[in-house]
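See structure below.
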Amino acid sequence: MARYIIRRILISIPVLLGITLITFFLLHASGDPMAVYASNPSITAEDLARLEKTYGFDKPVYVQYLYWLRNIVTGNWGQSFLTHQDVLAMIFQRLPNTLILMVTAFVFTVVVSVALGIYAATHKYSVGDYFVTGISFFGYSMPGFWFGLMLIIIFAVKFKEWGLPSLPAAGMYPIRGEPSLVELLRHLVLPVAVLSLNSIARYSRYLRSSMLEVLNQDYVRTAHAKGLAGRVVVGRHALKNALIPLLTLVLLDIPFLFGGALIVEQVFAWPGMGRMYWEHAVWVDYPVLMGILVLISILVVLCNLIADISYAFIDPRIRLQDAS
Amino acid sequence: MKEIGQVLALDRPRPPRIEKNPPGLWQLAGRRFLRHRAGVMATLALLVVVAAVTLGPLLFVPRDAAFRPDPLVINQPPSAEHWFGTDQVGRDIFARIIYGGQISLAIGLLAMVVSIVVGVLLGAVAGYFGGLADGAIMRFTDAMLSIPGIFLIIALTVFLGSTLPTIILSIGFLNWMIIARVMRALFLSLKEQDFVMAARCLGVKNVRIMWGHILPNAIAPVVVTATLTVGEAILTETAISYLGLGIQPPLPSWGNMLKNAQDLIWSAPWLAIFPGVMIFITILCINFMGDALRDALDPHMRL
């Protein structure tokens, strides 16, 4: 097992390097990091040359990459061109807000889609099953940001007009008044609904089919035959095995959850990292963009690693296959 | 003496009667597709949308309605004259949806072409040649899959400017990974088949084997993925246009129409409803069509 884990960790290092290479060269090939200064009329050509020298932009690209990589590893993520704050500090200021959003949406997604998936699989071809399939098709085709706008129209605008208890449409806490857990939860409802919709659609469908596969296995029939209650068979025998493939899917999806969070944060003015990325992208704030991309890459590789290792813990077949 | 073949033929049960003109792959697929009711309906609806955005400007939607501001009809709710209402400078929403649809659909299609070309090329090379090329390409694919595309697309549109080619290329270049994986797996298994061996023995060149012999056998998943990729590309375009980094006004796109709508959501909610309905219907139809195509092209499903 230890050997397996060490090997996984060693494999993930080149992947991480590959991601930094791609992002660095893509951004470098496409953009002039000095653009934000060049457009400023009070900065002369000499100033520009001096700045380029300070930031190392006059060196060849691969040298810049190595310098940059060294700085990333040693924790010096540079300063924002815009605010001159430390990039790492800026990110860590915003990251918790994004994680609140993402973790809540994640838990909600998993609970709802497991429930829907089990229901659809155990009630195959019933009205409820078709309903779940229909919902998942709609959820999969729904543009998240528009779904958010519709929720705002219904639950914030119209509910207020009709005198019903309405939900807030923007921010994490009310502008006036004390931030409290209740307020946070109220502000979370709509963003979490939007962020979860697409994943619920996909996971419930996925779990339905993997559940159906498992329910046909001999050991499930055996469990039924020895007289166990249907709930025990489904919950304890079938579900465990049906969840294994879903686990990989869910963990590999985390990068896309970040992308979804970026849009949701924009729709609901949520002060998270995605919104910061967008705000600084508009100003071509190179170090902040690179910093956020690197951080997400690290988290993604970490998630993949956890997926692989937990997979081996859960499913002994993987572990044995790998050892041989 | 009778020939061995004839003797054996007498012992065998009669072979099933052979149709005179057995249906080919595409004919069978067409029949199966027509049986998929949701898929057929979705295709028809999609044709209506495509016809509306391509023919509409030529026949019944004047350009002025979509582009010229009219201060007399600002922010009007839907009416008989303005079916979907008007926006904050008095342009007709319906007309802008028609013109915006041209752009959104064109971007979806062109970005799909980029994705499919890149994905099929890389996947085919990795699967066919294996070894070092395979390793390098697949690690590259893994890395690309780990980067949330929307972040890179935002950065690329900011750095390169939000022009049509930039948007199409950046969406296309960041969405080829799944098709590459599928192609690799297909090429990996197909290259071991006897017909490839036969072609190789005849001295057919690698390039010709890949594109002339293997690819036609792997075309079904390409068609299905291509369909679904159009939907994904439209979703991405509308999302970045909604963020203000895609198609720039006054040019309309289904996404950037929603950006302006959010500021006015309290006073003029219809601005937010109709462009999104169009995106939603289009994507839904594309997904249904892709689903029907997948079933229709699956060789394991007989009629």
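The values are calculated or read from the model by the stated rules, or taken from the named source; none is laboratory data. Note that the structure is predicted; figures quoted are calculated from it, not measured. FYI the Cβ positions are ideal-geometry reconstructions off the backbone, even for glycines, and counts take in every protein chain you see.
With respect to B:Pro250, determine if the residue is surrounded by fewer than 18 Cβ atoms within 10 Å (Cβ to Cβ) and over 27 Å from B:Pro148 (Cα atoms). Against the criterion (surrounded by fewer than 18 Cβ atoms within 10 Å (Cβ to Cβ) and over 27 Å from B:Pro148 (Cα atoms)), B:Pro250 qualifies. Taken over the range B:147-192, the criterion of being over 24 Å from B:Tyr242 (Cα atoms) and either within 12 Å of chain A (Cβ to nearest Cβ) or aliphatic (A, V, I, L, M) (or both) is satisfied by B:Met177, B:Ile178, B:Ile179, B:Ala180, B:Val182, B:Met183, B:Ala185, B:Leu186, B:Leu188, B:Leu190. Here A:Phe106 fulfils each of the conditions (1) at pLDDT 85 or above; (2) within 14 Å of chain B (Cβ to nearest Cβ) apart from (2).
Just wondering, is there one or more residues in the range B:215-236 that are in contact (Cβ under 8 Å) with a residue 40 or more places away in the chain, under 18 Å from B:Pro165 (Cα atoms) and either touching a Lys or Arg at 6+ places or on another chain (Cβ under 8 Å) or charged (D, E, K, R) (or both)? Checked the range B:215-236: at least one residue is in contact (Cβ under 8 Å) with a residue 40 or more places away in the chain, under 18 Å from B:Pro165 (Cα atoms) and either touching a Lys or Arg at 6+ places or on another chain (Cβ under 8 Å) or charged (D, E, K, R) (or both). In the range B:64-107, of all residues being among the acidic types (Asp, Glu) and more than 29 Å from B:Glu232 (Cα to Cα), the one that is farthest from the chain's Cα centre (by Cα) corresponds to B:Asp70. Among residues of the range A:231-289 being in contact (Cβ under 8 Å) with a residue 60 or more places away in the chain and not in a helix (DSSP H, G or I), the one that is nearest to the other protein chains (Cβ to nearest Cβ) is A:Val284. Highlighted here are the helices (runs of 4 or more DSSP H) found entirely within the range A:50-163 that include at least 3 residues which are of a type in the set (Gly, Ala, Ser): A:87-122, A:127-141.
Of the set (1) in contact (Cβ under 8 Å) with a residue 24 or more places away in the chain; (2) more than 14 Å from chain B (Cβ to nearest Cβ); (3) buried (at least 16 other Cβ atoms within 10 Å of the Cβ), all apply to A:Val61 but (3).
From the list B:Ile219, B:Ile265, B:Ile283, B:Ile209, the one residue that fits, being farther than 30 Å from A:Glu161 by Cα, facing chain A (nearest Cβ under 10 Å) and surrounded by fewer than 24 Cβ atoms within 10 Å (Cβ to Cβ), is B:Ile283. Restrict the check to the range A:197-208 and report whether at least one residue is in contact (Cβ under 8 Å) with a residue 12 or more places away in the chain, of a type in the set (Lys, Arg) and under 27 Å from B:Ala239 (Cβ atoms). Yes, some residue in the range A:197-208 is in contact (Cβ under 8 Å) with a residue 12 or more places away in the chain, of a type in the set (Lys, Arg) and under 27 Å from B:Ala239 (Cβ atoms).
Residues that are more than 24 Å from A:Gly291 (Cα to Cα) and out of contact with any Asp or Glu (no Cβ under 6 Å at 6 or more places or on another chain) within the range A:240-279 comprise A:Lys240, A:Asn241, A:Ala242, A:Leu243, A:Pro245, A:Leu246, A:Leu247, A:Thr248, A:Leu249, A:Val250, listed in sequence order. Quick one: in the range B:190-227, which of the residues that are of a type in the set (S, T, N, Q) and at pLDDT 90 or above is farthest from B:Phe129 (Cα to Cα)? Among those residues, the one meeting the criterion is B:Thr227. Please determine, by comparing only the residues of the range A:270-309 that are β-branched (Val, Ile, Thr), over 25 Å from A:Thr83 (Cα atoms) and touching a Phe, Trp or Tyr at 6+ places or on another chain (Cβ under 9 Å), which one is surrounded by the fewest Cβ atoms within 10 Å (Cβ to Cβ). Checking each candidate, the answer is A:Ile309.
Could you tell me whether the range A:132-142 includes any residue that is buried (at least 19 other Cβ atoms within 10 Å of the Cβ) and free of Cβ contacts under 8 Å to residues at least 12 places away in the same chain? Looking for residues that are buried (at least 19 other Cβ atoms within 10 Å of the Cβ) and free of Cβ contacts under 8 Å to residues at least 12 places away in the same chain, one finds at least one in the range A:132-142, hence yes. Condition (residue is in contact with a Pro (Cβ under 7 Å, 6 or more places away or on another chain), closer than 18 Å to B:Leu264 by Cα and in a loop (DSSP other than H, G, I, E, B)) applied to the range B:69-83: is it met by at least one residue? Checked the range B:69-83: no residue is in contact with a Pro (Cβ under 7 Å, 6 or more places away or on another chain), closer than 18 Å to B:Leu264 by Cα and in a loop (DSSP other than H, G, I, E, B). Close contacts from the range B:153-165, counting a first residue that is without any contact (Cβ under 8 Å) to a residue 60 or more places away in the chain and a second that is assigned to a helix (DSSP H, G or I), with Cβ to Cβ under 6 Å and a gap of 6+ residues or different chains, come to B:Ala155/A:Leu27; B:Ala155/A:Leu289; B:Leu156/A:Ser30; B:Leu156/B:Ser170; B:Phe159/A:Ser30; B:Leu160/A:Ser30; B:Leu160/B:Thr166. Cβ-Cβ distances below 9 Å connect the following pairs, each with a first residue in the range A:296-315 that is within 10 Å of chain B (Cβ to nearest Cβ), a second residue that is in a helix (DSSP H, G or I) and basic (Lys, Arg), and a separation of six or more residues or different chains: A:Asn304/A:Arg8.
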